[in-house]
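Participant: Let me begin by handing over the structure; questions about it come next.
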Amino acid sequence: MQRLIGLPAIALGLCFGLAAVPSSAAEPDPDTAGWQQAIDSFIEEMAGKHQFSAAALRWVFAQVKPRPGIIRAMTAPATARPWYEFRAAHVNRSLIEGGVSFWRRHAAALARARREYGVPEEIVVATIGIETRYGRHTGSFRVLDALATLAFQHPPRAEFFRRELEEYLLLARESGFDPLGVRGSYAGAIGIPQFLPSSYRAYAVDFDRDGKRDLVASAADAIGSVAHYYHRFGWKEGEAATVPASVGGDLDTAGAGTIRPDTPVGELRRRGITPLAPLPDDALAAFFTVEGESGPEYWIGLNNFYVVTRYNRSINYAMAVLELADELHAAMRRPGPAPRPRTPEGARRSGETPGEGSAAPGPAPGPPRGSYCRAKATRWSSSSRMPIRSPMAWL
Ligand SMILES: [Ca+2]
């Protein structure tokens, strides 16, 4: 499995919560001298390493502005809210209705993505819903401004975003688009699924087969790319993602927030953590808590939970994707009018079709889906093209 290099706190999108981010007003003066020096050094490196024209890059970067509002947004991410607040913002009637509509509009692409990558429709739809409200809010920051600001004015994440800036220039060159013409989130995430440039280059697929990997305008490409991403990070079809847990009275759960499933369930049981659904002792799991309205909720995260955190490392984020997916799955199978969210307790946590080996087995109203998981890494090509918005001769 190909992993993103040096992937830290953000895997992909951070568009949600964007509305709260000021984009221009009352920004303090940036460190102008340091900014220019960093850009000059970066340009020199890009010219030597990738044979970019230094003169062309100087022209491009002369138009780039540091945006302190972006740094403020990075230091107070929307995912830092308590779970019950985050859940209310992302698992609600509006998102469910929008998801049902998106699912119906793109049913064929979603079904094909499930067949080819083994990732169920509801997981793909929920991810796109939480990232951009089904493509409606893809971000208003110029991607080049965002990436340059974080690369050159935000030391805690400078190394990561300097690499993303490099990836972005390569993506623009490969795809033939104007690097000054693309807008995205304050973290430089692009398009309907909010892929960072490195993810775009590594995981985007041309799912509508028009010769371009276009995550900005093609819902089909976005759908295929999200499914491909989860597939490449190890989504296991038919497996549960999370299971609720109970804990012994004297167990200290303070700070429990691991996401990597590297502890056998048997070991968790010995510590006093009991999964509230059948799980074999040798299954690998993580234990974490989230902040519910009436106190902590205890959860066991399995492989597919970890896979969702490869999109965004926040526990809240992954929980919201899985719960919204459950709601969408239920709503699509319910006749009648507008869907409503079920209670948290009633939500099915697996992110999969009932009866497919879920850790909480029960009656299986849905049809069996079979095994669709196949590697399709050759479906995309780095030579494919995004639409050329503003052809430039700077390459
Ligand atoms: Ca395409």
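Participant: When you go through (1) free of Cβ contacts under 8 Å to residues at least 60 places away in the same chain; (2) touching a Gly at 6+ places or on another chain (Cβ under 8 Å) one by one for ALA219, which number turns out not to apply?
Facilitator: Unmet condition: (1).
Participant: Taking PHE177 and the conditions (1) out of contact with any strand residue (DSSP E or B) (no Cβ under 6 Å at 6 or more places or on another chain); (2) modelled with pLDDT of 95 or more; (3) surrounded by 20 or more Cβ atoms within 10 Å (Cβ to Cβ), which numbered condition does it fall short on, given that it satisfies the others?
Facilitator: Failed condition: (2).
Participant: Limited to the stretch 194-249, what total is found for residues that are within 10 Å of the ligand (Cβ to nearest atom) and of a type in the set (Val, Ile, Thr)?
Facilitator: 1
Participant: Identify all residues within the stretch 281-309 that are farther than 27 Å from GLU122 by Cβ and assigned to a strand (DSSP E or B); write none if there are none.
Facilitator: Scanning the stretch 281-309 gives a single hit, GLY295.
Participant: Among (1) of a type in the set (A, V, I, L, M); (2) closer than 30 Å to LEU180 by Cα; (3) at pLDDT below 95; (4) surrounded by fewer than 20 Cβ atoms within 10 Å (Cβ to Cβ), where does ALA80 come up short?
Facilitator: The number of the failed condition is (2).
Participant: Moving on to the next point. State which residue is farthest from the chain's Cα centre (by Cα) when the search covers only the stretch 143-164 and only residues that are under 19 Å from ALA47 (Cα atoms) and surrounded by 22 or more Cβ atoms within 10 Å (Cβ to Cβ). Even if it seems obvious, please write down each step before you answer.
Facilitator: Within the stretch 143-164, the subset under 19 Å from ALA47 (Cα atoms) is 144, 147-148, 151-152, 159, 161-164.
From the residues that got through so far, the ones that are surrounded by 22 or more Cβ atoms within 10 Å (Cβ to Cβ) too are 144, 147-148, 151-152, 161, 164.
On the way: LEU144: 20, LEU147: 17, ALA148: 21, ALA151: 21, PHE152: 24, PHE161: 17, GLU164: 16 Å.
Looking at residues that are under 19 Å from ALA47 (Cα atoms) and surrounded by 22 or more Cβ atoms within 10 Å (Cβ to Cβ), I get PHE152.
Participant: Continuing with the same structure: Just checking, does the stretch 65-84 include any residue being of a type in the set (Gly, Ala, Ser), under 20 Å from the mean Cα position of the chain (by Cα) and not in a helix (DSSP H, G or I)?
Facilitator: yes
Results for (1) within 18 Å of the chain's Cα centre (by Cα); (2) among the hydroxyl-bearing types (Ser, Thr, Tyr); (3) modelled with pLDDT under 95; (4) surrounded by 17 or more Cβ atoms within 10 Å (Cβ to Cβ), shown as yes or no for each residue.
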position: ALA241; (1), (2), (3), (4): yes, no, no, yes
position: VAL247; (1), (2), (3), (4): no, no, yes, yes
position: GLY257; (1), (2), (3), (4): no, no, yes, no
position: PRO278; (1), (2), (3), (4): no, no, yes, no
position: ALA285; (1), (2), (3), (4): no, no, no, yes
position: GLY295; (1), (2), (3), (4): no, no, yes, no
position: ASN304; (1), (2), (3), (4): yes, no, no, yes
position: THR309; (1), (2), (3), (4): yes, yes, no, yes
position: TYR317; (1), (2), (3), (4): yes, yes, no, yes
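Participant: In this structure, does THR242 turn out to be touching a strand residue (DSSP E or B) at 6+ places or on another chain (Cβ under 6 Å), under 30 Å from HIS106 (Cα atoms) and of a type in the set (Val, Ile, Thr)?
Facilitator: When the stated conditions are applied, THR242 passes them.
Participant: Quick one: how many residues across the stretch 85-97 are crowded, with 19+ Cβ neighbours inside 10 Å and assigned to a helix (DSSP H, G or I)? Steps first, please.
Facilitator: As a first pass, look at the stretch 85-97 and keep what is crowded, with 19+ Cβ neighbours inside 10 Å: 86-87, 90-91, 95-96.
Going one step further and asking which of them are assigned to a helix (DSSP H, G or I), we end up with 86-87, 90, 95-96.
Within the stretch 85-97, residues that are crowded, with 19+ Cβ neighbours inside 10 Å and assigned to a helix (DSSP H, G or I) number 5.
Participant: Follow-up. Would the stretch 110-131 turn up any residue that is part of a loop (DSSP other than H, G, I, E, B), modelled with pLDDT of 95 or more and either surrounded by 24 or more Cβ atoms within 10 Å (Cβ to Cβ) or within 16 Å of the chain's Cα centre (by Cα) (or both)?
Facilitator: Of all residues in the stretch 110-131, those part of a loop (DSSP other than H, G, I, E, B) come to 118-120.
Applying the additional criterion that residues be modelled with pLDDT of 95 or more yields 118-120.
From what is left, the residues that are either surrounded by 24 or more Cβ atoms within 10 Å (Cβ to Cβ) or within 16 Å of the chain's Cα centre (by Cα) (or both) are 119-120.
Yes, that holds for at least one residue.
The values are calculated or read from the model by the stated rules, or taken from the named source; none is laboratory data. The shown structure was predicted, so the numbers you read here are calculated from the model rather than taken from an experiment. Glycine also receives a Cβ, built like all others from the backbone with ideal geometry; neighbour counts cover every protein chain displayed.
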